[in-house]
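Worksheet for the structure shown next.
The values are calculated or read from the model by the stated rules, or taken from the named source; none is laboratory data. Owing to the predicted nature of the structure, the values given are computational and were not obtained by experimental measurement. Every residue, glycine among them, receives a Cβ derived from its backbone with ideal geometry; neighbour counts consider all protein chains shown.
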Amino acid sequence: MTKIGLLLPTREAVIYGDKSGDPRPLVELAVRAEEAGFDSVWAGDSLLARPRADPLTLLSGVATVTSRVELGTAVLLPSLRNPEQLAQAAGTLDAMSGGRFILGIGGGPGTPGVERDHELVGADFRRRSSRSIEVSRRTQALWRGDDDQMYPLPGTPAGPPVWVGGAGPKTLQRTGAYCDGWFAIVPTHQKFVDGWAKVREAAEEAGRSADDITPAIYTTVVVGEKAEAEAALAEHSSLYYGVPHEVIGKQQGSVAGSAGEAMEWIRGFIDAGATHVCIRVGSADIDNQFDQLAGMLDELKG
């Protein structure tokens with residue numbers, strides 16, 4: 001059965017709502033998501049490029065008031081962090097959740113804001129993608145206790161699964177060779193098919209079983225009357241990224257339209273092989289969009 005997750009609107013809480021960025025309503029939304037039948041809740045990551053609540057801290061709060069949903073980062077930038085500190089923070093979160101955490105990672109886009117974030121912490125922006133893999137592998141070694149043992153012990157013996165976001169050639173190769181999931185960020189269903197084939201090929205070349213790798217998709221959805229939904233998505237792209245949607249649409253998949261169109265879009269990725277879908281709401285009207293998506297869950301999971 002396909003799992004359907006919801007991205008908590010950490011950035012949207014700042015650009016649309018309370019300018020304090022109060023994270024408490026996000027925790028309440030996560031509880032609502034669990035009650036509605038979502039399988040996972042997710043949180044994004046950045047410092048000043050796109051200011052928002054820290055994802056590991058936020059999800060730790062969510063862990064204490066939920067019992068079933070998986071908790072994940074979509075995606076966290078390990079290149080901004082010391083691996084020992086990341087292992088401690090993420091391991092604590094996983095222990096608090098009873099082993100429900102998924103560490104979604106990525107290098108982040110090559111934007112001036114992301115470059116500045118790396119400069120702020122003294123990290124190498126140019127090596128951010130390869131460094132993300134290096135840091136994540138060190139954190140896994142610390143969770144397992146290969147040399148040094150990090151405490152608290154995670155909720156699962158090997159620690160949280162690591163999923164890699166993106167679709168570049170090196171990302172696909174590293175995902176197949178080292179990681180537990182591919183968190184696809186692609187603009188079309190065919191791009192997902194092509195990328196997943198390359199991940200499986202890389203896994204086989206590394207002597208791994210591709211069946212041990214989770215194929216997942218991150219996509220943006222706005223449900224409503226076509227013109228209004230498209231306007232909301234365009235506004236979201238402009239506020240979130242600072243560029244027109246036409247630019248973002250070439251890199252990330254999204255749909256704006258009726259419930260039927262949204263379900264057809266999501267099902268396209270499921271038919272292409274995705275077993276976990278993370279949905280980001282591309283609109284200021286989070287409550288209405290939440291209700292729309294919750295009403296689709298049974299059909300999408302079936």
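Applying the criterion of being of a type in the set (Ser, Thr, Tyr) and in a loop (DSSP other than H, G, I, E, B) to the residues of the stretch 1-54, the residue that is farthest from residue 301 (Cα to Cα) is 20. In the stretch 15-24, is there at least one residue being within 21 Å of residue 155 (Cβ to Cβ) and either crowded, with 24+ Cβ neighbours inside 10 Å or of a type in the set (A, V, I, L, M, F, W, C) (or both)? No - not one qualifying residue is present in the stretch 15-24. With respect to being hydroxyl-bearing (Ser, Thr, Tyr), crowded, with 16+ Cβ neighbours inside 10 Å, touching a strand residue (DSSP E or B) at 6+ places or on another chain (Cβ under 9 Å) and closer than 30 Å to residue 272 by Cα, residue 175 fits the description.
List the helices (runs of 4 or more DSSP H) that sit entirely inside the stretch 244-301 and contain at least 2 residues that are of a type in the set (Asp, Glu) and closer than 27 Å to residue 28 by Cβ. Write out each step before concluding.
Values: elements: 245-248, 259-271, 286-294, 297-301.
Output list reads 286-294, 297-301.
The set of residues from the stretch 259-285 being surrounded by fewer than 19 Cβ atoms within 10 Å (Cβ to Cβ), within 22 Å of residue 44 (Cβ to Cβ) and not hydroxyl-bearing (Ser, Thr, Tyr) comprises 265, 284, 285.
Taking the criterion of being assigned to a strand (DSSP E or B), closer than 30 Å to residue 248 by Cα and of a type in the set (Gly, Ala, Ser), would at least one residue in the stretch 94-105 satisfy it? Yes. Would you confirm, using the coordinates I've provided, whether residue 214 is of a type in the set (Val, Ile, Thr), out of contact with any Asp or Glu (no Cβ under 9 Å at 6 or more places or on another chain) and on the phi < 0 side of the Ramachandran plot? For residue 214, the condition - of a type in the set (Val, Ile, Thr), out of contact with any Asp or Glu (no Cβ under 9 Å at 6 or more places or on another chain) and on the phi < 0 side of the Ramachandran plot - is not met. Against the test of being under 22 Å from residue 216 (Cα atoms), surrounded by fewer than 19 Cβ atoms within 10 Å (Cβ to Cβ) and either in contact (Cβ under 8 Å) with a residue 12 or more places away in the chain or of a type in the set (S, T, N, Q) (or both), the options 72, 37, 106 yield a single qualifying residue, 37.
Residues in the stretch 211-233: is at least one in contact (Cβ under 8 Å) with a residue 60 or more places away in the chain, assigned to a helix (DSSP H, G or I) and either closer than 18 Å to residue 105 by Cβ or more than 17 Å from the chain's Cα centre (by Cα) (or both)? Checked the stretch 211-233: no residue is in contact (Cβ under 8 Å) with a residue 60 or more places away in the chain, assigned to a helix (DSSP H, G or I) and either closer than 18 Å to residue 105 by Cβ or more than 17 Å from the chain's Cα centre (by Cα) (or both). Yes or no: residue 159 modelled with pLDDT of 95 or more, on the phi > 0 side of the Ramachandran plot and more than 20 Å from the chain's Cα centre (by Cα)? No; evaluated as a whole, the condition is false for this residue.
Of 264, 246, all but one fail to be out of contact with any Pro (no Cβ under 9 Å at 6 or more places or on another chain), at pLDDT 95 or above and either under 18 Å from residue 15 (Cβ atoms) or of a type in the set (D, E, K, R) (or both); the exception is 264. Within the stretch 48-55, not a single residue is at pLDDT below 95, farther than 23 Å from residue 238 by Cβ, among the acidic types (Asp, Glu) and surrounded by fewer than 17 Cβ atoms within 10 Å (Cβ to Cβ).
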